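Shown next, in structure tokens, is the structure this report addresses.
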Amino acid sequence: MHHTDRVRSRVPDGILIRGLDSAVYLVEHSKKRPIGDMVTFHSYGFTAKGIVKLDESTLEGMETGSPLNISGDFIMNSPATLLVKSSGSEIYLWSDQRLHPIISLEMYFRLHFNYSSVVTLPDELIALLPEGDLIHDSSLLTPFLVNGRVYSAPNGLIYYGERHKLRKIGGPAIFTFYRWRVEEIVHLTRDEFHNYRLGEPIL
């Protein structure tokens, strides 16, 4: 049976989804957030190849959250996890409603961040947003887990980072269904892996 016919666990946060029509949503906190227009879609760095098609019953069964919009209140209208920058060179991870300055180039590449997905915000907005912890070489040895990344444990099992927990991915078919890529897996050391709690598996 195809995975779209048997989504038994909730769709992971950070996944783009659609049903039979053209409406696209971003899943966050188990809700589908409508993306109102193509300007917003492209401004947040989304691409069509990342959209997962769900059957209508699964889509209709999900609660609808607040819409995404590139304009208006940034905190309310933006994705929960996003790479952003101002007119300067510093890049931040927007997560948990905090700007986390990325001060380690090694960690930037290790987490497979991509400059093409960085959203430029006005300098005055960056100055107003609350700042969180720095992302440094040892960040994965702290409770700070970047949501929306795919991780491998030392034993080879694959997990998805969501709300600072690791959700075990139930097999290759599920990995493929959600459009994850092998080359973007973040390999955790034993000490790093044991820092994190485990969440509900993705089946």
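Couple of notes before you dig in:
- Largest accessible area first, the residues Leu141, Leu129 order themselves as Leu141, Leu129 under a 1.4 Å probe with ligands, DNA and RNA left out.
- Alpha carbon centroid spacing (whole Å) that separates the range 32-58 from the range 137-203: 23
- In straight-distance terms, cross-link reach from Lys53 covers every one of the lysines whose alpha-carbon lies under 17 Å from its own, apart from those fewer than eight places away in the same chain; here that gives Lys31, Lys32.
- Choice from Ser78, Ser66, Ser89 showing the highest fluctuation, given a GNM over the chain with Cα pairs closer than 10 Å: Ser89
- Rounded, prolate or oblate (a/c below 1.5 giving rounded, otherwise prolate when a/b exceeds b/c) for the range 25-80 by Cα gyration tensor: oblate
- Probe 1.4 Å - accessible area at Lys165, Å² to nearest ten: 70
- Most fluctuating residue given options Val119, Val11, Val27, as computed from a GNM of the chain linking Cα atoms under 10 Å: Val119
- The range 1-106: Cα Rg divided by the 2.2 N^0.38 Å rule of thumb: 1.18
- With all protein chains kept in place, the per residue accessible area of the chain amounts to 52 square angstrom at a probe of 1.4 angstrom.
- For the range 45-55, backbone phi angles converted through the Karplus equation (6.51, -1.76, 1.60; θ = phi - 60°) give residue-by-residue couplings of x, 6, 9, 4, 5, x, 7, 9, 8, 10, 6 Hz, Gly and Pro being listed as x.
- Using C-alpha pairs under 8 Å with a sequence gap of at least 6, the mean separation divided by the residue count of the chain gives a relative contact order of 18 percent.
- Antiparallel DSSP beta bridges within the range 99-203, as percent of all bridges there, nearest 5: 45
- Interchain or long-range residues, amide H under 5 Å from Trp94's placed H: Leu82, Leu83, Val84, His100
- Fluctuation leader among Pro172, Pro12, Pro67 - the chain, Gaussian network, Cα springs under 10 angstrom: Pro172
- Beta bridge orientation in the range 1-158: antiparallel %, DSSP, nearest 5: 60
- Extension reserve of the Thr120-Ser57 stretch, reckoned as 0.36 nm per residue once the Cα distance is removed: 19.0 nm
- Solvent accessible area, Å² - His100, 1.4 Å probe, full protein context: 10
- Accessible-area ranking of Asp37, Asp137, largest first, probe 1.4 Å: Asp137, Asp37
The values are calculated or read from the model by the stated rules, or taken from the named source; none is laboratory data. Just so it is clear, the structure is predicted and the values come from calculations on it, not from any experiment. For accessibility, only protein heavy atoms count, side chains too; no ligands or nucleic acids. Shrake-Rupley method; radii C 1.70, N 1.55, O 1.52, S 1.80 Å.
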